[in-house]
Structure formats: C-alpha cells, structure tokens
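A short write-up of the structure that comes next.
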Amino acid sequence: MSLASRLALVTGGGTGIGRAVCQQLAREGASVAVAGNNLSDCEETVSTIRAESGSFDASFHPVEVDVSDSHQVSRLFSSIASKFTGGPQLSAVVNAAGITRDKNLLKMTEQAYDEVIKINLKGTFLVSQAAARLMVEHSVTNGSIVNIASITGKLGNFGQANYSASKGGVMSMTLTFARELGRHGIRCNAILPGFISTQMTDAIPEPVREQIKQFVSLGRFGRPEEVAELVAFLASDRSSYITGSLIDINGGLSY
C-alpha cells in the first residue's frame, strides 16, 4: 500500500469528493484525519472506512472545523497532534472543503461572494500554511499538499463569479506554494474537476445536467472515486517529481 505509515488530513472530508478521498487514502494504508464543518458527516465518513476495512482501530479521526477561522484551524492541528501522538508525522494534506452560493453577477450579494471566498480560498490558505509550517518544523521531506480547485477557475461558469474566482485563486496559490515549498521537499498540486456527481451537482436541474453532458466527451458526470484516485497518486511518493501542476479531470469537457 503506497500510503502505509503516512498521516493525511482531508478537509471537506464529510461529503462528496472529500469523503471519497478519505476512503481511498485509507485503502492505500494512510491514517486519516477527516475534517469538515459538520462533525456527524465526518463521523459517518469514518464509519464507512471502518466498515469497508473491518478495522476499528484509532487510525481515523473525525474533527469539526471552520477552515476560514484561523483559531479553529490551529485547534484542528492541535487535535491531530494529540490524537496521533507517537505516530507518523503529517505528510499529506488535501484541501477539499468548498461551498457554492450561486447567483448571476446582477443578483449576487456581497455576503454570498464573501462566504465563498472565505471557505474556498482563505480556508485553503490557512490550512496549507499551518500544514507547511508543521512539515518544515518536523523536517518532513516527502510532504504533499493537494488542492481541489475546479475547471470553473479556468473557464468561468454562469452564476459562479464567486466560486470561479475562489478556485482561480486556489490555482494561482498552488503554483506559488510549489515554488516556495519545493526547497523543503514539499510538493503542491491542484486538481481541477469538471462536473462530478456530488451534492453540489445534484442541485442542478436534470434538463440542465443533460445539456452539460453534451459538452463532455465521455458523455457523463465523473464520480468522486475517480477524483480520489488522482488525489491518492499525488499524495503518494509515486508522484515524487510532480509539483506545481494543475491537472484537469473533466471527462473531456469543452464549452
């Protein structure tokens, strides 16, 4: 298992892509801190991992956090350190926490804009900064930060000025992180999913979903598990010479 004896943190781990990532990292041998804004969702993710593995050991830790709050992020890392005392150092971080507040430009409120930027962009910054500081402090030389961005950060999308801006920011931030952290042996990459079957895309009306599929070469929405496979690769040493990459996973989406 490529992630055996590794400790990973996944934000947004309670649902969707984040949950699938937690499950895949666990399959590959990692201990996983499952973080999210709803503790019961994170506990459910841990339950699914334990049910699949048949193991009820202490390798999986659900924890509630608002990633846009620096004090809560600090407590998150303290909780992880306490839970995994004597175990492996944190060496893989996946920023999958994200929200949408969709409205077109003429109707979007300032609050809706701010909420998305705070969680999607500021949250990624705060968690990455805290993780990078910890990795450098403990001389972790095989660290990996994987940010879940979006194809909308590159192409834009109707009604998503806030979301597209936040994900475009995550992409640019990823490139900067890679430049700054490479000297410490820490890699940073971003994944740009297209339309993936999650709670977010389930809210899209079915006629619109069918229209979208016409622009996808594979003719379907992706599965969270397909994104999780790529995340696990980037988190592991199998991708040891990949950093500063923005990787599309969208089934051949073209507008």
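The values are calculated or read from the model by the stated rules, or taken from the named source; none is laboratory data. What you see is a predicted model, and the numbers here were worked out from it, not measured in a lab. Backbone-built Cβ (ideal geometry, glycine too); neighbour counts: all protein chains shown.
Got at least one residue in segment 94-106 being hydroxyl-bearing (Ser, Thr, Tyr), touching a strand residue (DSSP E or B) at 6+ places or on another chain (Cβ under 8 Å) and surrounded by fewer than 23 Cβ atoms within 10 Å (Cβ to Cβ)? Yes, segment 94-106 has at least one match.
Of the residues making up segment 1-22, those that are among the small types (Gly, Ala, Ser) and surrounded by 22 or more Cβ atoms within 10 Å (Cβ to Cβ) are Ala8, Gly12, Gly13, Gly14, Gly16, Gly18, Ala20. The residues of segment 159-191 that are under 16 Å from Ile99 (Cβ atoms) and surrounded by fewer than 17 Cβ atoms within 10 Å (Cβ to Cβ) amount to a single one, Gly159. One residue stands out among those in segment 23-66 that are of a type in the set (Val, Ile, Thr) and closer than 14 Å to Ala96 by Cβ: the one that is surrounded by the most Cβ atoms within 10 Å (Cβ to Cβ), which is Val34.
Conditions (1) in a helix (DSSP H, G or I); (2) without any contact (Cβ under 8 Å) to a residue 60 or more places away in the chain, marked per residue:
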| residue | (1), (2) |
| --- | --- |
| Gly18 | yes, no |
| Val32 | no, yes |
| Ser40 | yes, yes |
| Ser47 | yes, yes |
| Val67 | no, no |
| Thr85 | no, yes |
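Sort out which residues of segment 39-56 are of a type in the set (S, T, N, Q) and over 17 Å from Asn95 (Cβ atoms), and write them in order of number. Ser40, Ser47, Thr48, Ser53, Ser55, listed by residue number.
Right, Ile117: in contact with a helix residue (DSSP H, G or I) (Cβ under 7 Å, 6 or more places away or on another chain), in a helix (DSSP H, G or I) and free of Cβ contacts under 8 Å to residues at least 60 places away in the same chain or not? Yes: the conditions hold for Ile117.
Here is a check on your reading of the model: is Glu210 under 14 Å from the mean Cα position of the chain (by Cα) and of a type outside the set (Phe, Trp, Tyr)? No: the conditions fail for Glu210. Look through segment 87-103, keep the residues that are assigned to a loop (DSSP other than H, G, I, E, B) and touching a helix residue (DSSP H, G or I) at 6+ places or on another chain (Cβ under 8 Å), and return whichever of them is nearest to Ile191 (Cα to Cα). Among those residues, the one meeting the criterion is Ala96. State yes or no: is Arg220 surrounded by fewer than 20 Cβ atoms within 10 Å (Cβ to Cβ), in a helix (DSSP H, G or I) and basic (Lys, Arg)? Here the answer is no, as Arg220 does not meet what is asked. From the list Ser144, Ser128, exactly one residue is crowded, with 18+ Cβ neighbours inside 10 Å, in contact with a strand residue (DSSP E or B) (Cβ under 6 Å, 6 or more places away or on another chain) and within 19 Å of Val227 (Cα to Cα). Which is it? On inspection, the qualifying residue turns out to be Ser144.
Taken together, Asn38, Asn95 contain a single residue that is in contact with an Asp or Glu (Cβ under 9 Å, 6 or more places away or on another chain) and of a type in the set (S, T, N, Q), which is Asn38. Can you spot a residue in segment 76-93 that is within 30 Å of Asn250 (Cα to Cα), crowded, with 19+ Cβ neighbours inside 10 Å and either in contact with a Phe, Trp or Tyr (Cβ under 9 Å, 6 or more places away or on another chain) or at pLDDT below 95 (or both)? Yes. Give the number of residues within segment 61-78 that are of a type in the set (A, V, I, L, M, F, W, C) and under 14 Å from Asp41 (Cβ atoms). Qualifying residue count for the region: 2.
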